Amino acid sequence: MADVIYGRIPVLNAIKGVRKPKEVYLFKDSPDKRIQYSCVENHVKFSFLDKGALDRMAKTTKHQGAVAEVDDFGYADFAAELEKAKAKGNGLVLMLDGLDDPVNLGSAIRAAGAFAVDFVVLRKEREVGVTPIVVKVSTGATEIVPICQVTNLSQALSELKKAGFWSVAAAGQGETYYDELDYSYPTVVIIGNEGFGITSKLIKEADFVAKIPMPGQVQSLNASVAAAVFLAAATESRRKRENHSK
């Protein structure tokens, strides 16, 4: 079986990622030179099509003149990714609880790619999963950051904690602010559905529950923005600790 991804940056990342395209298709009237060079460098076949053909392949007009045929998305093995992160000694994991909007999920995965998250954990049910829209919105971060699907997030969190990870749940009821925590240790950041939040079981099992100060009249952020805020805090905390130790 084959899948289709689209967009200039997602296609570029796919060429260099795990799911190397079977073939890349470019708008014949103005093909993207960066993608052509990347295809040549990475031994990926490419060809040129008219806009109508690209529209039909991508099932959208928002493909930016770049479409790629890839293998179906393969989720990473949770146990294997945990071992890699554990061996690293300072892992950072993003756990997403119940994100059902592909744009929100794609944006959260994009943040994971930007802040060097080791892997993302999703639950198999009641979560949107990786679709072509998610790939596009993530700007191809789905091709770079390992994404694991698990049946039980609570069990996955337990395994992470046994491996030495601290966990912080992003929730408005937290008594601590997100930037008051020390993220320099192996950390799991838990983000919930923007409507329902994190399930109560995960909230209880988290080592910390932290909130983002919001002095404005709007008192909520979407899940992907919250993920970016917490991951940026983790990155800054680690950067400061590293600079201090020099």
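Just so it is clear, none of the values below were taken in a lab; they were calculated from the coordinates. Here the structure is a predicted model, which means the values were calculated and not measured. Reconstructed Cβ throughout: ideal geometry from the backbone, glycine too, with neighbour counts over all protein chains shown.
Can you list the lysines whose alpha carbon sits under 22 Å from that of Lys161, skipping same-chain ones fewer than 8 residues off? Those lysines meeting the cut-off are Lys84, Lys86, Lys88, Lys124, Lys201, Lys204, Lys211. Taking Ile203, Ile109, Ile133 in turn, the Gaussian network model of the chain (Cα-Cα springs below 10 Å) assigns the largest fluctuation to Ile133.
Give the calculated FRET efficiency between Thr151 and Asp179 to the nearest 0.05, with a Förster radius of 25 Å applied to their Cβ-Cβ distance. It comes to 0.15. With an 8 Å cut-off on Cα pairs and a minimum separation of 6 or more residues, tell me the relative contact order of segment 113-214 in percent. That works out to 28 percent. Beta bridges per DSSP, both residues in the chain: antiparallel share near 25 percent.
Residues considered: Val218, Val120, Val134. Largest GNM mean-square fluctuation over the chain, using C-alpha springs under 10 Å, is found at Val218. Under 13 Å from a label point set 7 Å out along the Cα-to-Cβ vector of Ala80, the amide N atoms of segment 136-153 belong to 146-149.
Built from the Cα atoms of the chain, the convex hull projects on average onto 15.2 nm², one quarter of its surface area. Only lysines eight or more places from Lys51 in sequence, or on another chain, were considered; those with a Cα closer than 19 Å are Lys28, Lys33, Lys59, Lys62, Lys136. Our compactness index for segment 147-246, the C-alpha radius of gyration over the empirical 2.2 N^0.38 Å, is 1.10.
What is the Rg over Rh value, at two decimals, for segment 50-140, using alpha-carbon atoms and the Kirkwood definition of Rh?
Numbers: Rg = 15.3 Å, Rh = 14.7 Å.
Radius of gyration over Kirkwood radius for segment 50-140 works out to 1.04.
Remark: the Cα gyration tensor places segment 22-72 in the oblate category, a/c being 1.5 or greater and a/b not exceeding b/c. Here, segment 90-146 has an Rg and a Dmax of 10.2, 31 Å when only alpha carbons are counted.
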